[in-house]
Structures are given as C-alpha cells and as structure tokens.
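To start, the structure under review is shown below, and the notes come after it.
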Amino acid sequence: MKPVLIAAAVLLALGPFALTSQSLVNIAMLTVVSAFLGQCWNIAGGFGGLTSFGHTIFFGTGAYAAAIMQTRWGLNPWLALPAALVLGAVVGAAIGAASFRAGLRGSYFALVTLAFAEVFRVLSNSLDFTRGGLGINIPLGMGAANFQFADRRATYAVALVLLVLATSAAAWLKRARFGAQLVALRENEDAAAALGIDLVRTKTAALALSGGLTALGGVLYAQTYLYVDPSISFGVERSVEMLLVAMIGGAGSVWGPILGAIVLHIIADVSRAWIATPGFAPMLYGVVLLVIIGVLPRGIIGVWERWRA
Amino acid sequence: MLEVSGISKRFGGLQAVREVSLTVPAGGITALIGPNGAGKTTTFAMIAGFIRPDAGRIRLSGQDVTRLRPDRIAAAGMVRTFQITQPFAGLSVLENIRVGAFLRHAETAAATEAARAVGQRLGLGAFLDRPASALTVAGRKRLEVARALATQPRLLLLDEVMAGLNPTEIHEIVAMIRDIRDGGVTILLIEHIMQAVAALADNVYVLAEGALIAHGTPKAIADDPRVIEAYLGRGAAARLAAHA
C-alpha cells in the first residue's frame, strides 16, 4: 500500500511539469504553496500544539526581507532565502520566548500571535523603511539569476522544493527526540516537565523552526508577484488559511497539510466558479473550520487512520 | 540521598505545609503518609519543583535543588509520578514510556529499546502498541511509574500509586515497587493507606494538618497514639486502648 501511495504522490507532484496551460500550473503552484505554509504551521501548531493565529508574521517577514534587500540594498534576491530563514527564526524565537516564559498557551497564545501580527501590520503600514501603506514594488527583471521566472513551472519547482523541505522537517519530528518531546508537551505539560523536558526551550525552538521555514514562503511570494504590502504580508486571512490547511488534513501528522491544501483548493476553486460574491471564500473557510472542529477533530488523516484500524 | 529541611507553603490563609523536614536514605523505601488534606501532595510537589516553597531547603545528594524547575530536577535524577495519572493520551504506551527514555537517550532506536525493556519489566509488555487512553486504572498507574523509571532516576517519587486499586492490584504493585528498589532506585512514596505502607517502607513519616507528627519504622508508627488520633479523630487512641 505504502509504495503505491508514494508513487501516486510523486506522479501528482511531477504532473504539472507536463502541463502547457500556465493557469493550470498556477493552480498547482498555489496548492503547493498552501501545503508548504500549512506544513510550516503544522510543525509548531500540529506537533507542538502552539495554535498560532498569526503565522503570517513570519510569511510577511520573509516577503519584506526579500523586497527590502533588493530595493534598498541592491542584493541578489536568492540571498533573501537564507536571510528570511534566519529572520523568521529570530522572530519566532523572540515571540516564543516572550509567550512561553509567561506561561501562555492554547487560546491565550493564539490571541497573542494574532496581536503580534496586527502589530507587524500596523508597523509596516506606518514606517518609512517599509514604505508604509504604499507597499514595495520589486523591479521587473526576469531571469533565474534574479529569482524571477516567466514560466510558472519554475516557480512551481521552487515551491515543490520548499514543500519537500518542510515535509522532511515534519517527518524528522515524527522520528526524533525533539519531536517526541514537543508532542509530549502538547499532550500534557506537567507530565512532560516531570520527565525532564524544558518547556520554554522546546516550544521556542519549535516556533523558531516553523517561523524560519514560513519566511521562505514569503520570499517566494515576493519574487512571484513582485509586490508586497502590509495587508498581503500581515493580514489575518493568510494566518487562518495556514492553520485551516493543517487542521483539515490532520494537524500533527506528516501528510495532513498536503491533503488539506488539496482539499481546500478544490473547495475554494469550485466555490469561486459558482459564486462570485467577494468575501465568500473567507466565509466558506469559517464554515469548513467549524465542520472540521466539530466532526473531524483529527482531520482527513484521522478518518483514514480510523478506517484502517 | 534526599534531605528536606524546614519547607513550608502557605496558600492564602491556609498554611498547607509547616516546616517539614525529612531524610530519604539511599537504597531504601521511605513513605510519607497522612490523612487526606494533610499536605502530602503539596510537600511532594515542592520536592519535585512544581511548587516553590516559601521557606526551607531541599538537597539531592548534597546538591541544592530548592529553586530548580521540575525538568532540571528530573535531569538531576529525581522524578515524580502523579496521583491523578497524566498519560500522553494521544500516544501509544510505548511512546509514552519513550518520552521518559529520551531524557537519557538522544537516539530514537536506543530510547525505543530502553522504553520497551522498562515496559516489559513493569508488566506492560502486552499493551505497548495500544493507545495509553485504553489502559485500565491499574495500567495507567503502571504507565506513570514506567515513564518515570525510563528516565533512569536515582530517586523515584511515587504519589499514591495504590489509590483506586483493588487488593490484587495493590499486591502486584507492591511487588513491582520492591523490584524497582532492588534494582537500585531509592523510593519516596506517598500513601494514605497505612497497611500498604507497612508492607513496603523501611521508614515512615506521618503528616497531619501540614506538619510532621511522627517518624519511625512502620511498626512504631502504627502504635503511635498521635498517628491513630490523626487518622481516627481526637480521643480515638484512648478509646481504642480502653477497648483492648
């Protein structure tokens, strides 16, 4: 069964390279980016139970890092990837250290991350450094050396590499000591502490890892659309989508976010074809989230596991 | 092994624990008993670092652990269990035990092996791949002990592992605790059942209303009128003597 599943996944992942329609490749690319961001959220939110409602903080940090490095300092955009990884991790570590030292968890942690995202949005909206509400245009300069691709298939390839990277991180968590300690903290903090697990350090490291990876997604966004602004970067909708993708598929599982992204994109694209009302998609997300929490607390993967057991 | 001197804790207007001092000699089983509400669990939580004492000192093999966090204390070799069992409900029994084993083993394969060995030794061999939430009360108590033991402690703090068990299960768990002691782990346990303690402990401290009222062998404690009164009420010792 397992080799069949892996073969199907590889085929599905490589399929878009054979497509000639740029719009179909675009849908595939968006789905893979969603899966990647969901996977990043999953590393902290799924494995560690750090239910962030402001994960776009890291996404926006990466997007602004790419834009500012190029437009202000004339640096090559590829350099934005390592820079974003480090910056995202630093922001994650800072928010984590502050929140977990104060003993925040569950809905309090969710609220704090939501508030941090709003702070980042307001700051980027008012600071000169980020060009305020105008946002930043990245000058056009197509070419692989400049991390700008005319062919969507190249963007898709980068997204796929990111997804493989984040999924490898999740698979590593599933096997390694760090992941086991993170899951133990999610399940029961007192019991985990009694068994020698350092709560603040473990959770902070998880948020840093997740934040660093998420920021890479921001760089890819900036290089694809060549424009960033405060609400694109730090708007609440992206945070919600990240956690939704992970929860639909199955938070805390390795393959959940990938499944979740596919399902969510099918729902969103089909509904968009039928109903053109603006704001319908966010509303639909809300409904989907309610259904998941109420009926499938462990997501699609949970159904699969129950069926197999 | 463990030296507790004069620890106290006040919750608002309630003096939960008052200047408790006790010594746990290496290699033996020491018990802390007392009626419900005597402050046993608070004392325990202070020793394990879950509650900060207002006063007093706690030393583990000479090292001052009074203000250390629970995870540091566990790393130093003193690990507690919980009276109300706290399994990692979403994980299997083996994965639960392995969380403890990971304290001393960085490699997953080694930790898994160690966890499997501890599980089998404590009679959980048949349940290792089952979810922890599927265990019976007795099974969960065993899991608590197995997880703690997997951290390879020098001193194991057992919080009422016999509470809620039937006589057969108590008999089995007493044998298990002896086996752990024979393996070289020092044990401090809390119980409110005197009989279970008498069979097990070398050394008993009795706590009532937050203060130590007696200390000695199980035999001496059982005959101590102060202890009888603490359990059965004022004047009980005299009434028992009159009936005898």
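Numbers at a glance
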| quantity | calculated |
| --- | --- |
| Odd one out for B:Ala110, checked against (1) part of a loop (DSSP other than H, G, I, E, B); (2) at pLDDT 95 or above | (1) |
| Selection count where residues are among the hydroxyl-bearing types (Ser, Thr, Tyr) and open to solvent by less than 50 Å² (accessible area, probe 1.4 Å), scope the range A:95-138 | 4 |
| Total residues in the range A:263-309, condition touching a residue at least 40 places away in the same chain (Cβ under 8 Å), of a type in the set (A, V, I, L, M) and open to solvent by 60 Å² or more (accessible area, probe 1.4 Å) | 1 |
| The one condition in (1) among the β-branched types (Val, Ile, Thr); (2) surrounded by fewer than 18 Cβ atoms within 10 Å (Cβ to Cβ); (3) in contact with a Leu (Cβ under 8 Å, 6 or more places away or on another chain); (4) under 21 Å from B:Ile47 (Cβ atoms) that B:Ile84 fails to fulfil | (3) |
| Residue within the range A:12-31 that is assigned to a helix (DSSP H, G or I), within 13 Å of the chain's Cα centre (by Cα) and either closer than 30 Å to A:Asn137 by Cβ or free of Cβ contacts under 8 Å to residues at least 12 places away in the same chain (or both) present | yes |
| Residues satisfying the stated conditions in the range A:162-188, i.e. open to solvent by 40 Å² or more (accessible area, probe 1.4 Å) and at the interface with another protein chain (Cβ under 7 Å from one of its Cβ atoms) | A:Arg175, A:Arg177, A:Glu187 |
| Selection within the range A:200-251 - under 19 Å from A:Val183 (Cα atoms), at pLDDT below 95 and open to solvent by 10 Å² or more (accessible area, probe 1.4 Å) | A:Met247, A:Ala251 |
| Any chance A:Gly218 is within 14 Å of chain B (Cβ to nearest Cβ) and either in contact with a strand residue (DSSP E or B) (Cβ under 9 Å, 6 or more places away or on another chain) or not in a helix (DSSP H, G or I) (or both) | no |
| Subset of the range B:146-171 (residues that are on the phi > 0 side of the Ramachandran plot and within 14 Å of chain A (Cβ to nearest Cβ)) | B:Gln152 |
| Qualifying residue in the range B:89-102 (condition: more than 10 Å from chain A (Cβ to nearest Cβ) and open to solvent by 50 Å² or more (accessible area, probe 1.4 Å)) | no |
| Positions within the range A:284-307 being in contact with a helix residue (DSSP H, G or I) (Cβ under 7 Å, 6 or more places away or on another chain) and assigned to a helix (DSSP H, G or I), in sequence order | A:Leu284, A:Tyr285, A:Val288, A:Leu289, A:Ile292, A:Gly299, A:Ile300, A:Ile301 |
| Among the residues listed as B:Ile173, B:Ile221, B:Ile213, the single one being over 15 Å from the mean Cα position of the chain (by Cα), of a type in the set (Val, Ile, Thr) and more than 19 Å from B:Pro25 (Cβ to Cβ) | B:Ile213 |
| Residues satisfying the stated conditions in the range B:44-81, i.e. open to solvent by 10 Å² or more (accessible area, probe 1.4 Å), assigned to a strand (DSSP E or B) and more than 8 Å from chain A (Cβ to nearest Cβ) | B:Ala55, B:Gly56, B:Arg57, B:Arg59, B:Gln63, B:Asp64 |
| Condition met for B:Glu209 (buried (at least 17 other Cβ atoms within 10 Å of the Cβ) and among the acidic types (Asp, Glu)) | no |
| Condition check for A:Leu14: closer than 19 Å to A:His265 by Cα and either modelled with pLDDT of 95 or more or open to solvent by less than 30 Å² (accessible area, probe 1.4 Å) (or both) | no |
| Test: residue in the range B:35-43 that is within 14 Å of chain A (Cβ to nearest Cβ), surrounded by fewer than 23 Cβ atoms within 10 Å (Cβ to Cβ) and within 18 Å of B:Glu191 (Cβ to Cβ) | yes |
| Of all residues in the range B:6-20 being more than 24 Å from B:Phe82 (Cβ to Cβ) and among the small types (Gly, Ala, Ser), the one that is most open to solvent (accessible area, probe 1.4 Å) | B:Gly13 |
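The values are calculated or read from the model by the stated rules, or taken from the named source; none is laboratory data. None of these values were measured; they are calculated from a predicted model. Positions of Cβ are generated from backbone atoms using ideal geometry, with glycine treated the same way; all protein chains shown enter the neighbour counts. SASA here: full protein model, heavy atoms, side chains in, ligands and nucleic acids out. Shrake-Rupley method; radii C 1.70, N 1.55, O 1.52, S 1.80 Å.
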